[in-house]
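Down below is the structure, laid out as structure tokens.
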Amino acid sequence: MTLPAHLKNRRSQAVAVEVAAGLGSAQPPHISIQGGRFTLVDAAGNKKPVETMYLDCVIIDGQKGRSRTFWGVAAQFEGDNSGPPLCFSDNNIGPSINSQEPQAQTCAVCPMQRFDSDVSKMTGKPVPACKVLKKLAIMLPGFNFPFQMRIPVMSHASLATYSNEFKAGDADVSDVITRVTFVEGKTGELAFDFADFGNDDLPY
């Protein structure tokens, strides 16, 4: 990947290699992927559907490691009303102090992380009620603050493959516009692709 002139002197944030831990509160402005569509949700819970079937964004940061999030047994991926989860862990060790209803003292002994703690609405097979996620901080056009995007476990391989493309090059993943799409025929599975280098005023 050849870096354009306006990015050659830009200080790399090394987001593709090493990312900061934790993104703070349980329910900041975020991107919902319920129903196979992208929806912007502000901190008050107000929703604004994205008109396109793709999301162009700049990944500016990411949580080191993975999270666990529990909205309740039989709850939708992001809860039935986009409210905060009942319990979550950003260190994958124990529940956050901000959890409304901690399910156990540690994630290792939590019954909600067992594979028989819930049943998939799609397949009818046993699945963990507590979901494994990767949290990203992204910038969108027209906004001067980041959104949180929670990447489900079935999309982690795609995100890793995409991010790894930048490790040996001049550009970091935070230097470019990333296009996020839904994988056809795969409920809630996301794909990540390079869209553009943008301009001097990244993200847009």
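Yes or no: segment 36-46 includes at least one residue that is modelled with pLDDT of 90 or more, closer than 24 Å to residue 172 by Cα and surrounded by 13 or more Cβ atoms within 10 Å (Cβ to Cβ). Checking segment 36-46: not a single residue is modelled with pLDDT of 90 or more, closer than 24 Å to residue 172 by Cα and surrounded by 13 or more Cβ atoms within 10 Å (Cβ to Cβ). When segment 145-192 is filtered for residues that are more than 24 Å from residue 42 (Cα to Cα), part of a loop (DSSP other than H, G, I, E, B) and among the small types (Gly, Ala, Ser), the ones remaining, listed by number, are 168, 169, 171, 185.
Looking only at residues that are surrounded by fewer than 17 Cβ atoms within 10 Å (Cβ to Cβ) and of a type in the set (Ser, Thr, Tyr) in segment 104-130, which one is modelled with the lowest pLDDT? Across segment 104-130, the extreme among qualifying residues is 123. Residue check: residue 144 meets all listed conditions (1) free of Cβ contacts under 8 Å to residues at least 24 places away in the same chain; (2) of a type outside the set (Lys, Arg); (3) open to solvent by less than 40 Å² (accessible area, probe 1.4 Å); (4) out of contact with any helix residue (DSSP H, G or I) (no Cβ under 7 Å at 6 or more places or on another chain) but one, namely (3). Exactly one residue among 187, 181 is at pLDDT below 90 and either touching a Ser or Thr at 6+ places or on another chain (Cβ under 6 Å) or surrounded by 13 or more Cβ atoms within 10 Å (Cβ to Cβ) (or both), and that residue is 187. Against the criterion of being modelled with pLDDT under 95, open to solvent by less than 50 Å² (accessible area, probe 1.4 Å) and more than 12 Å from the chain's Cα centre (by Cα), residue 201 does not qualify.
The selection criterion, being open to solvent by 60 Å² or more (accessible area, probe 1.4 Å), more than 30 Å from residue 51 (Cβ to Cβ) and among the acidic types (Asp, Glu), holds for residue 101. Would you be able to say whether some residue in segment 117-136 is over 12 Å from the mean Cα position of the chain (by Cα), acidic (Asp, Glu) and not in a strand (DSSP E or B)? No, because not a single residue in segment 117-136 is over 12 Å from the mean Cα position of the chain (by Cα), acidic (Asp, Glu) and not in a strand (DSSP E or B). Whenever a residue of segment 108-132 is in contact (Cβ under 8 Å) with a residue 12 or more places away in the chain, its partners that are acidic (Asp, Glu) and open to solvent by less than 50 Å² (accessible area, probe 1.4 Å), lying with C-beta atoms within less than 6 angstrom and at least six residues away or across chains, give the pairs 127/118; 129/118.
The values are calculated or read from the model by the stated rules, or taken from the named source; none is laboratory data. Computed from a predicted model, the values in this text were never measured in an experiment. Heads up, the Cβs are rebuilt from the backbone with ideal geometry, glycines too, and the neighbour counts pull from every protein chain shown. Remember, those area values only see protein heavy atoms, side chains included, never the ligands or the DNA or RNA. Shrake-Rupley method; radii C 1.70, N 1.55, O 1.52, S 1.80 Å.
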